[in-house]
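Heads up: the structure comes next, in structure tokens.
The values are calculated or read from the model by the stated rules, or taken from the named source; none is laboratory data. All values derive from a computational prediction rather than experimental measurement. For neighbour counting, all protein chains shown are included, and Cβ atoms are generated from backbone atoms with ideal geometry for every residue, glycine included.
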Amino acid sequence: MQLISPATILLLTRSIFLSSLSVLIAMFIAYYAGTWIWMRNGTVLSSVRWLVIMLIPVPAYIFALNVSYVLSYTPSLIKVSWGVLSPIQGWTISILVQAIAFLPLATGIVILSLDLLDSSIIDSARMFQSDRCILRRVILPLISPFLLCGAGILFVLSITEYTIPSLFSVTVYSMGIFAAYSTTNDPASSLILSLPILGITVFLISWSASQLKNTFQNFALHSYTPVSRFILPLQVRLVYLVCFLVLLIEGFFVIGILVWQAMTGRGALQSLLISSGDILYTLQIGIIVAVVSLPLALIFATKLYKREKIGIYWILILIPLAIPAPLTGIGLISVMQCLNISLLSDSAFFPALASITRFIPFAALILFACMKQINPDILHAGQVFGKNLWIIINRIYLPLLIPGLLAAAGVMLVFSVGELGATLLVLPPGSSTITIRVYNYLHYGGSASVAALCLVTISIIMMVVTTVIVLLKREKEKLYPGKR
């Protein structure tokens with residue numbers, strides 16, 4: 001695979017097209033679904049926020065398995081009309097599944113952007129204009145920079161991964177990097193081959209960093225509850241409702257289809273017993289990732305907090321997201337070979353290091369957002385009346401940061417469970433994670449064994465997310481007694 005050749009250029013163009021279209025579809029549905037949830041704040045429907053949070057870290061291959069299972073029972077005519085070959089594969093289905101996999105994260109971005117709005121602006125505008133006009137002329141322009149930033153990050157995450165396309169027999173550029181290294185074992189040629197995609201991702205990350213910097217200048221979350229229900233024309237309400245139902249159905253189908261496959265098939269229990277070692281190894285990696293990443297993320301977040309107006313710091317924090325997953329693994333292998341540290345490369349710390357390298361920006365941003373929520377007057381008072389730095393850190397700073405530390409640790413743990421692109425390269429011989437075992441099984445089609453392993457993955461993610469949410473609520477009660 002050469003850097004400049006018609007085949008390479010065509011592959012890069014197709015990869016850009018796949019990522020762009022899947023992100024556009026995801027953001028379109030997410031805008032209407034997320035806005036519908038936000039407009040229903042204070043009602044039962046607002047609890048769907050928790051479903052969105054639960055779905056964000058679900059690995060992409062689980063969505064691929066569910067869609068494949070559903071399409072396998074559709075008539076052949078529908079498969080042909082969707083451009084899906086038999087067995088199920090092709091660009092069309094890859095774009096569809098990629099969009100479905102990104103929908104929860106895109107919806108979370110939309111809801112977060114709406115929560116950043118000043119509620120007084122919205123209530124004042126509603127006194128003079130219709131709700132439809134407010135949504136189009138006030139709310140959308142205000143949140144559009146944040147949405148564009150989120151779409152840019154989603155595009156980067158899409159184009160640097162190859163999990164879903166490879167499952168549907170579609171070759172993308174990032175998979176070409178992995179294949180080139182597998183055949184040549186040459187890190188330099190893999191890096192050169194990565195230059196076109198790195199140029200695109202670094203540019204988008206740099207632009208997204210500038211947008212995030214502007215957004216976080218006046219960062220404050222608002223729990224907006226409409227004084228009255230938004231009144232929209234019937235046809236507009238239908239669009240919002242349909243997109244919301246797509247999100248809701250996706251959430252219930254993720255678990256429902258897996259449970260059905262595991263119960264109706266054979267070998268589910270046996271597969272779990274055989275894979276018990278992989279499950280424990282995955283948890284071991286996740287715990288290492290959560291523990292080791294926290295001090296690093298805290299250092300990065302503190303540096304960013306002190307110099308948040310300097311754009312280069314934002315770029316440096318986000319730049320790991322711009323590196324394709326295979327290139328991250330190749331880089332770590334090269335570093336370990338240069339340092340000749342075989343002890344680390346043969347342990348669970350090596351795949352944990354791959355997840356830390358890839359996802360540390362998310363932990364740093366969470367801690368930075370937590371720091372922005374802290375009233376600086378409290379810290380100033382501690383500096384005046386505190387006896388020494390240890391008392392200030394131990395009794396004031398760390399207790400206020402506990403919610404951010406819990407959220408960051410949870411995010412790092414659940415993302416490490418589903419990491420594939422870099423882990424596949426750095427995993428020690430004879431070891432495997434749940435994700436890699438499922439990924440290998442999926443090339444032979446879905447089965448009860450695969451569904452059972454996917455259910456274990458989702459169970460781990462949901463237990464971690466639920467635990468973090470419960471602990472966050474307790475910490476909120478401690479810091480702000482009586483505040484709901």
Q: Kindly indicate whether PHE128 is surrounded by 20 or more Cβ atoms within 10 Å (Cβ to Cβ), more than 30 Å from LEU65 (Cα to Cα) and not polar (S, T, N, Q).
A: no
**Q.** Check on PRO165, outside the structural domain of GLY421 (by TED's automatic domain parsing), at pLDDT 80 or above and buried (at least 21 other Cβ atoms within 10 Å of the Cβ)
**A.** yes
Q: Scan (1) buried (at least 17 other Cβ atoms within 10 Å of the Cβ); (2) not in a helix (DSSP H, G or I) for the single condition THR171 breaks and write down its number.
A: (1)
**Q.** In the range 261-290, residue nearest to LEU71 (Cα to Cα) [restricted to those that are touching a Ser or Thr at 6+ places or on another chain (Cβ under 7 Å) and part of a helix (DSSP H, G or I)]
**A.** ALA268
Q) Can ILE56 be described as outside the structural domain of GLY421 (by TED's automatic domain parsing) and touching a residue at least 60 places away in the same chain (Cβ under 8 Å)? A) no
Q. Do any residues in the range 335-361 that are at pLDDT 85 or above have Cβ atoms under 7 Å from those of residues that are charged (D, E, K, R), where the two are at least six apart or on different chains, and which pairs are they?
A. ALA354/GLU419; SER355/GLU419; ARG358/GLU419
Q: For the range 175-189, state whether one or more residues are of a type in the set (A, V, I, L, M, F, W, C), surrounded by 24 or more Cβ atoms within 10 Å (Cβ to Cβ), in the same structural domain as LEU18 (by TED's automatic domain parsing) and at pLDDT 85 or above.
A: no
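Looking at LEU135, LEU105, LEU140, LEU117, which one is in a helix (DSSP H, G or I), at pLDDT below 90, buried (at least 17 other Cβ atoms within 10 Å of the Cβ) and in the same structural domain as TYR32 (by TED's automatic domain parsing)? Outline the logic, then answer.
On the way: LEU105 fails: at pLDDT below 90; LEU140 fails: buried (at least 17 other Cβ atoms within 10 Å of the Cβ); LEU117 fails: in a helix (DSSP H, G or I).
From the options LEU135, LEU105, LEU140, LEU117, the qualifying one is LEU135.
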Q) Yes or no: VAL156 touching a Leu at 6+ places or on another chain (Cβ under 6 Å), of a type outside the set (Lys, Arg), within 25 Å of ILE109 (Cα to Cα) and surrounded by 16 or more Cβ atoms within 10 Å (Cβ to Cβ)? A) yes
Q: Say whether the condition of being assigned to a loop (DSSP other than H, G, I, E, B), crowded, with 22+ Cβ neighbours inside 10 Å and modelled with pLDDT of 85 or more is met by at least one residue in the range 85-102.
A: no
Q: Considering only the range 401-421, state which residues are within 13 Å of the chain's Cα centre (by Cα) and not in a helix (DSSP H, G or I).
A: GLY418, GLU419
Q: Could you please find all residues in the range 1-48 being surrounded by fewer than 18 Cβ atoms within 10 Å (Cβ to Cβ), part of a helix (DSSP H, G or I) and among the polar types (S, T, N, Q)?
A: THR8, THR13, SER20, SER46, SER47
